[in-house]
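What follows is a single structure, written as structure tokens, with notes after it.
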Amino acid sequence: MAFTETGEARFPMYSVYNIQLTGKSLDIKEVGTWKSGNLEIKSPIKMYDRKGKETAKHIPSTCTENCHECLHTVDRISEIPGGDVQLLGVFNAHSKGSNGRECSKSVDEIGVLAEVEGFLYAVDQINNDPTILPDVKLGATVLDDCAFSPVRTFRQISRFLVKNDESAGKNGFAPVLGSVTALSSNAAIYTQDILEVYGVPQISYRSSSPLLSDKKKYPNFLRVIGSDQYQVEAFIDILKASKWTSVIAIYSDNAYGLEGSRLLLKLAQEEGITVSTLVKMNDDIASDSNAIRDIIRYISSGFRAQVQVVIMFTTAEHTRAILAGKDREKDLPRKTWFGGDGWGTELGIVSGLEETAEGAVTLDFFSAPVDGFNKYLTTLSPFKNSRNVWFREFWEQKFECFIADRTFKEPCQDDRLTPEDIAPFQGRVAFITDIVRLYAKGLEQLMADFCPMTPSKLCVNAVKNLNKVTTYIKDSEFTGSSGLEVAFDSFDDAIPSYQINTFQELSRNKYGYINVGQWVNGNLLLEHISADTIVSSCSKPPCRTTSPDVLDLQFHPQPQDFTLIGLFPLYGFDTCGNTCDGELRHEIYHSLLGFYYAIDQINKKAAIILQGSKLGYVVYNTCSSPTVASDVVNGFDAKYPYFSQPPEVPVRTGVLGMVAGFEKNESDAISEARREQQHLVQISPVKEGSKTDGVIGVPHVVKDTTTLLVNVLFRLQWTHVSIVASNEKASLDLALILKNDIERRTFIIGTFLTVNGTSASDYDDVIAKLVKAGAPNVVTFANADDSRQLLLAAERQDTAGRLLWINAGQWKYPKMVVDGLDEVMKGSLILVPDAVLDADFDSFTKTLTPDSFPDDPWYAEFWEKHFQCALTFGGKFPNACTGDESFERRPLPPMPVTANTAKAVYAYADGLAKFYLYKCGRVDFEGCLGQVNGDAKDVAELYKEVRLVLDEGVDDPVLNFRYEYKILNFQKLKDGSFGYATVGSWYKGKLSLSPSDVQRYDSLEKGALLPPPPPLPARSPNLRGYYKHFLNR
């Protein structure tokens, strides 16, 4: 064992592990070692295909066709060589590449001139200043981040840190003091994750996401700007001062955009400003002109036409794409763009789009020109500036001339930059010079503590403790280059200060940014910005701010010509943490499969119902929370039928209905929110909808319930029964009908009980009476809550094998009722009223695997839970999924609501088609926009059509429903576990049931199967004695 001067192992060694499948378990096995550059493989490495099957050969990772390097150029660096310590600069010398390339050929002029040269200039200033670090020289290395390529960032920074860490003090390598960056928040977070490994600080002047204020995660991250929290406060203050009471928000799908939008929604709610809608932009959307068109049309339609101000939490690329999209849609209402620091005073964003951008208000971090830097830039020559390796590219691009390669026609001259050339690049240099000075002051203080004998020199002890420099930097305080105080708060953020600009026509056809105010630490100074002529309000409903919680919702969007909303309570809700809680609710997801299936079948046979149009969906997980469900519905607006639901990118589609309301509290909240909006038809798969609440309930099959029960009991020869009913009219009515029926058939009734349970003791009392009555079979007309409490009481009184439960169909989700109560439930029966889907449903589910259904965010968890296996190492289950799992071997348990959910979808599609045929003569969303506008009248007419379909009965040619009961027996399944198995059915008055398929269990061994009773005697005057003899033998 030996160590380097910095305390690192001189001979690093790593073990090579291979995750291998042993039976059904995943094991980690050591297969080799790597020591100081030498790899030794000691045992075979096992590899597996996508289905988990072991392969005979190693899986190749090569490219044989259409291959190219991801790199545009080699990793070049600019530098000030030498130095006692190194500062690392990470800037964007090039813009982002495309088609697999990390970098484009286009030079980022601000990156090369303002940032790279500003950084080198700032290091020169410290090295030439005798009052600070007189005996220490700073070195500098600059990396090109190319607008953040993760692979490139990791490769370059890791290589730099490893090389300087291992070679510090030798061959000209100096230890790393820290980094200076101008990265987006996403890139800064990624970069800091790498830097934290080496304890290297990062100080940024562009990364403003509140996520970076988390000191537990990022103890060595600092910034000389304020968090976006303050930027949003500045937004709100400007909106209030300008009397703009309603805005639209567009945000990029990154840390900056997401957190900024979240804060905007929160503060807007507090201040009474409505954020009328949110639109999210994904990374690659800028090049999709159709998607951009839809965004522009969306924010310009309906009540949004009167909302003129659009707040932009977007990247420069996304901002320019939106401006270009609006420029192409000149006839739509004019918008006033309100941009944050992602826009600032960038000229590239508005180049060629000046008329569309005119009037925009933007924020940028407050800064001031650095006079010395202006003079420095005018001395730079493209032929002599060798330390900035990208300067020649910048020069060629800016002046369209060539120095070496004949990229342009004319050769470059040995000219110098003019003040006009320099003007656009002044804004950022002050930040960079302040950051470099912070490092210098922090190092100076560190040396004073660790080198007391030679405080001006970098002693060995100081080098060993460079990782403590962050602490000294945090304590630094001085007047910065812009005249503002440079200091840090408890989150290591600087005093928030912004300059407010408008983009205006300065003279004929000449545009530019004009400074019209400042916002510093909560104080707004704002000049006139023509706010009196800009009206941005919402005078009629729906005028409300979307809840910030909507940003965190899990959803699965697949819009088509028409789109149906699905609100499913897939998880429970943690009221303390205000988040989704627990595991996926298997029975609710089963209903979601019915939703997917119905849409799939309708689209496969679209000509039958929708005349060739397609039906899509957006599924939301409401977390069983009335508040969350209400937030989703409130996010829709009266003109929503024209677009799919933001915050996703708006897609033109017809949206007039939702399948929602699986639980009472949630259903009530949805209904209340929907009544306020009056623009979405709601269909509930579990509710017997009334004619007054506006919710269409899917009818449950309740006919012939008692007749079926009598037939089942007689076929199984279970003629000694007790009856228990919830204290509800519907339950009691059925219970009394059964009582009268079986009394006429000489069945023996042990007892007839009504449940009035309010406490555990009440349910215990019911169980005690049932046991005392002596009837082994208990028919329950109890709701799910009462049934669950009765079974828990039965477990407490150890009635396994003594009471056999028969439920008459009140349990919409049987699994929820019996979960964890296997012993009590063994042998019991449930009669499930159902509209059975055809065999295509089984075929549909068999095609769904975690690989073939990747877009659904919940399916993998459903798969794991159903098959009790782990898809990834370290999952919830000890056994690994092998790829051999099959719904044939472990079938999906029947769920009453699944078919009802499918019926709801079909009824909507059928009703929608009839509604469109009546209004327009064809089922065509785009072609019928003039006849169907999605107002309250349209919704009312569609409501009638959907209800009529359900009232008449869904007997359709697409899903092939047939009404029946399934008879389920809680028994031991083929895989050894206990669960429901279908043992019979009831269809059109005919019972299909074989007693030998029904399993019962005795009370002594609690699990031993009992044979079916012998046939009834031809005449048996004493049935009670006969069955008592059988049960006691």
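Things worth noting here:
- Only a single item in (1) modelled with pLDDT of 90 or more; (2) outside any strand (DSSP E or B); (3) farther than 15 Å from PRO201 by Cβ is not met by TYR513, and it is number (2).
- Residues that are of a type in the set (D, E, K, R), buried (at least 23 other Cβ atoms within 10 Å of the Cβ) and in contact (Cβ under 8 Å) with a residue 60 or more places away in the chain occur in the stretch 115-122; there is at least one.
- Exactly one residue out of ASP924, ASP1002 is within 33 Å of the chain's Cα centre (by Cα) and either buried (at least 18 other Cβ atoms within 10 Å of the Cβ) or modelled with pLDDT under 90 (or both): that is ASP924.
- Among (1) at pLDDT 70 or above; (2) crowded, with 20+ Cβ neighbours inside 10 Å - the single one THR546 does not satisfy: (1)
- Qualifying positions in the stretch 485-504 - surrounded by fewer than 20 Cβ atoms within 10 Å (Cβ to Cβ) and within 19 Å of LEU177 (Cβ to Cβ): PHE488
- Qualifying position, being modelled with pLDDT under 90, under 38 Å from the mean Cα position of the chain (by Cα), acidic (Asp, Glu) and under 23 Å from ASP492 (Cα atoms), among ASP364, ASP341: ASP341
- Meets criteria (at pLDDT below 85, hydroxyl-bearing (Ser, Thr, Tyr) and more than 30 Å from ALA321 (Cα to Cα)) for THR622: no
- Qualifying residue in the stretch 952-963 (condition: at pLDDT below 80, in contact with a Lys or Arg (Cβ under 6 Å, 6 or more places away or on another chain) and either surrounded by 19 or more Cβ atoms within 10 Å (Cβ to Cβ) or assigned by TED's automatic domain parsing to the domain that holds SER828 (or both)): yes
To keep it simple, each residue is scored yes or no on (1) surrounded by fewer than 22 Cβ atoms within 10 Å (Cβ to Cβ); (2) over 21 Å from SER497 (Cα atoms); (3) assigned by TED's automatic domain parsing to the domain that holds ASP331; (4) touching a helix residue (DSSP H, G or I) at 6+ places or on another chain (Cβ under 9 Å).
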{"site": "GLY342", "(1), (2), (3), (4)": "no, no, yes, yes"}
{"site": "LEU347", "(1), (2), (3), (4)": "yes, yes, yes, yes"}
{"site": "SER351", "(1), (2), (3), (4)": "yes, yes, yes, yes"}
{"site": "ALA357", "(1), (2), (3), (4)": "no, yes, yes, yes"}
{"site": "SER386", "(1), (2), (3), (4)": "yes, yes, no, no"}
{"site": "PHE391", "(1), (2), (3), (4)": "no, yes, no, yes"}
{"site": "PHE402", "(1), (2), (3), (4)": "yes, yes, no, yes"}
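- Residue in the stretch 356-375 that is within 18 Å of ALA321 (Cβ to Cβ) and of a type in the set (Ser, Thr, Tyr) present: yes
- Where a residue in the stretch 426-449 is outside any helix (DSSP H, G or I) and its partner, wherever it lies, is hydroxyl-bearing (Ser, Thr, Tyr), with Cβ under 8 Å and at least six apart: GLN426/SER367; GLY427/THR345; GLY427/SER367; ARG428/TYR205; ARG428/SER367
- The requirement of being at pLDDT 80 or above, crowded, with 19+ Cβ neighbours inside 10 Å and under 22 Å from ALA784 (Cα atoms) is fulfilled somewhere in the stretch 900-913, by at least one residue.
- Residues that are buried (at least 19 other Cβ atoms within 10 Å of the Cβ) and farther than 30 Å from ASN523 by Cβ do occur in the stretch 263-279, at least one of them.
- Scan of the stretch 457-484 for residues that are small (Gly, Ala, Ser) and loosely packed, with under 13 Cβ neighbours inside 10 Å, ordered by number: GLY483
- Any hit, the stretch 861-877, residues being among the acidic types (Asp, Glu), in a loop (DSSP other than H, G, I, E, B) and surrounded by 14 or more Cβ atoms within 10 Å (Cβ to Cβ): no
- Of all residues in the stretch 428-438, one or more are basic (Lys, Arg), buried (at least 21 other Cβ atoms within 10 Å of the Cβ) and assigned by TED's automatic domain parsing to the domain that holds ASP124.
- Among residues of the stretch 294-310 that are in contact (Cβ under 8 Å) with a residue 12 or more places away in the chain, those with a Cβ under 6 angstrom from a residue that is of a type in the set (Gly, Ala, Ser) and not in a helix (DSSP H, G or I), sequence gap 6+ or separate chain, pair up as ARG304/SER276; VAL307/SER246; VAL307/SER276; VAL307/SER536; GLN308/SER536; VAL309/SER536.
- Looking only at residues of the stretch 602-617 that are assigned to a loop (DSSP other than H, G, I, E, B) and among the polar types (S, T, N, Q), we find that the one that is farthest from GLY654 (Cα to Cα) is GLN611.
- Among the residues of the stretch 107-146, those that are of a type in the set (Gly, Ala, Ser) and out of contact with any helix residue (DSSP H, G or I) (no Cβ under 6 Å at 6 or more places or on another chain) comprise GLY111, GLY139.
- Of all residues in the stretch 555-585 being surrounded by fewer than 16 Cβ atoms within 10 Å (Cβ to Cβ) and part of a loop (DSSP other than H, G, I, E, B), the one that is modelled with the highest pLDDT: GLU583
- Only a single criterion out of (1) modelled with pLDDT under 90; (2) closer than 26 Å to GLN999 by Cβ; (3) in contact with a strand residue (DSSP E or B) (Cβ under 9 Å, 6 or more places away or on another chain); (4) buried (at least 21 other Cβ atoms within 10 Å of the Cβ) is not satisfied by VAL779, namely (1).
- Within the stretch 204-218, the set of residues being free of Cβ contacts under 8 Å to residues at least 60 places away in the same chain and in a helix (DSSP H, G or I) comprises PRO210, LEU211, LEU212.
- Residues within the stretch 817-831 that are assigned to a helix (DSSP H, G or I), surrounded by fewer than 21 Cβ atoms within 10 Å (Cβ to Cβ) and touching an Asp or Glu at 6+ places or on another chain (Cβ under 9 Å), tallied: 1
- Which listed residue, of THR780, THR707, THR746, THR751, is of a type in the set (Val, Ile, Thr) and without any contact (Cβ under 8 Å) to a residue 40 or more places away in the chain: THR751
- Top-ranked residue of the stretch 301-322 - restricted to ones that are under 25 Å from CYS146 (Cα atoms) and crowded, with 24+ Cβ neighbours inside 10 Å, ranked as modelled with the lowest pLDDT: THR315
- Screening ALA404 with (1) touching a residue at least 40 places away in the same chain (Cβ under 8 Å); (2) of a type outside the set (Val, Ile, Thr); (3) not in a helix (DSSP H, G or I) gives one miss only, at (1).
- Test: residue in the stretch 355-370 that is under 21 Å from VAL516 (Cα atoms), touching a strand residue (DSSP E or B) at 6+ places or on another chain (Cβ under 8 Å), among the acidic types (Asp, Glu) and outside any loop (DSSP other than H, G, I, E, B): yes
The values are calculated or read from the model by the stated rules, or taken from the named source; none is laboratory data. In this text, all values refer to a predicted model and were calculated from it rather than measured experimentally. Cβ atoms come from the backbone with ideal geometry, glycine included; neighbour counts cover every protein chain shown.
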